[in-house]
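The values are calculated or read from the model by the stated rules, or taken from the named source; none is laboratory data. Everything numeric here is computed off the predicted structure, so don't read it as measured data. Reconstructed Cβ throughout: ideal geometry from the backbone, glycine too, with neighbour counts over all protein chains shown.
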Amino acid sequence: MQPEDLGRSYDEIAERWLEPHLAGNGMRQHELALKFRAQPGGRALDVGCGCHGRFIRLLELRGYAVEGLDVSARMIALAREEMPQVTFHHADVCEWQPEGLYDFISAWDSIWHVPLESHAEVLTKLCHALAPGGIFIFTFGGLDAPEEKVDASMGVPVYYSTLGVSQTLQTVAAAGCVCRHVEYDQHPEMHVFVIVQRV
């Protein structure tokens, strides 16, 4: 499944991410991640930002200038309507290149859509996009080994991949980051979030 296909799938279901019940999803985890920043504020990036804006608003309240990145044109259009003050990038994270460094990066339920063969490269790029002391929070499939699949449970085909726990943590360590927290936060589902910091 190509990134443009993923973008079109999310175009079709974008409005679902405006529903109020999503307001709390991932917020506790982001609050925890923010505690690892010695100095709040700076530049922040929301990868796979969608259109809900809850992480962007949280980061803005903490003094961050936030940018959003998403492969779905519809998600970006809705986000721009709701948050015109924010810079949004309609791009595939595999091709997108950061301009400068970020103090906080979030990739909540997003980079697991990256093709498996590009997964390590994207993780490395995002780790390298952190300023010293910067925090990166992201989710991944907490399996023991690499795996990929296409799932249509949301009504449209969506691709997922994971390097697995060991390779994910090895990749971020090799990219100059130290793991501060890792948690299966929806156990028994294999949903893992990790907080890493650039050293």
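Below is a table of values for the structure above.
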read-out	value
Subset tally (residues that are outside any loop (DSSP other than H, G, I, E, B) and surrounded by fewer than 19 Cβ atoms within 10 Å (Cβ to Cβ)) for the stretch 79-137	16
Some residue of the stretch 139-156 being in contact with a Leu (Cβ under 8 Å, 6 or more places away or on another chain) and either surrounded by fewer than 14 Cβ atoms within 10 Å (Cβ to Cβ) or among the aromatic types (F, W, Y) (or both)	yes
All positions within the stretch 159-199 that are among the hydrophobic types (A, V, I, L, M, F, W, C), under 19 Å from Y102 (Cβ atoms) and crowded, with 16+ Cβ neighbours inside 10 Å	V172, A175, C177, F193, V194, I195, V196
Top-ranked residue of the stretch 144-160 - restricted to ones that are aliphatic (A, V, I, L, M) and in a loop (DSSP other than H, G, I, E, B), ranked as farthest from G48 (Cα to Cα)	A145
Test: residue in the stretch 38-46 that is among the hydrophobic types (A, V, I, L, M, F, W, C), under 22 Å from T87 (Cα atoms) and touching a strand residue (DSSP E or B) at 6+ places or on another chain (Cβ under 6 Å)	yes
In the stretch 161-175, the residues that are outside any helix (DSSP H, G or I) and either touching a strand residue (DSSP E or B) at 6+ places or on another chain (Cβ under 6 Å) or among the basic types (K, R) (or both)	S161, T162
Failed criterion for A44 (all others in (1) surrounded by 14 or more Cβ atoms within 10 Å (Cβ to Cβ); (2) at pLDDT below 95; (3) among the small types (G, A, S) hold)	(2)
Condition check for R43: in contact (Cβ under 8 Å) with a residue 24 or more places away in the chain and either part of a strand (DSSP E or B) or over 22 Å from V192 (Cα atoms) (or both)	yes
Residue within the stretch 50-67 that is modelled with pLDDT under 95, surrounded by fewer than 16 Cβ atoms within 10 Å (Cβ to Cβ), hydrophobic (A, V, I, L, M, F, W, C) and assigned to a helix (DSSP H, G or I) present	no
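One line per residue, one yes/no per condition, for (1) more than 26 Å from P157 (Cβ to Cβ); (2) over 15 Å from the mean Cα position of the chain (by Cα):
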residue	(1), (2)
A23	yes, yes
L32	yes, yes
A38	yes, yes
C49	no, no
F55	no, no
L69	no, no
A73	no, yes
T87	yes, yes
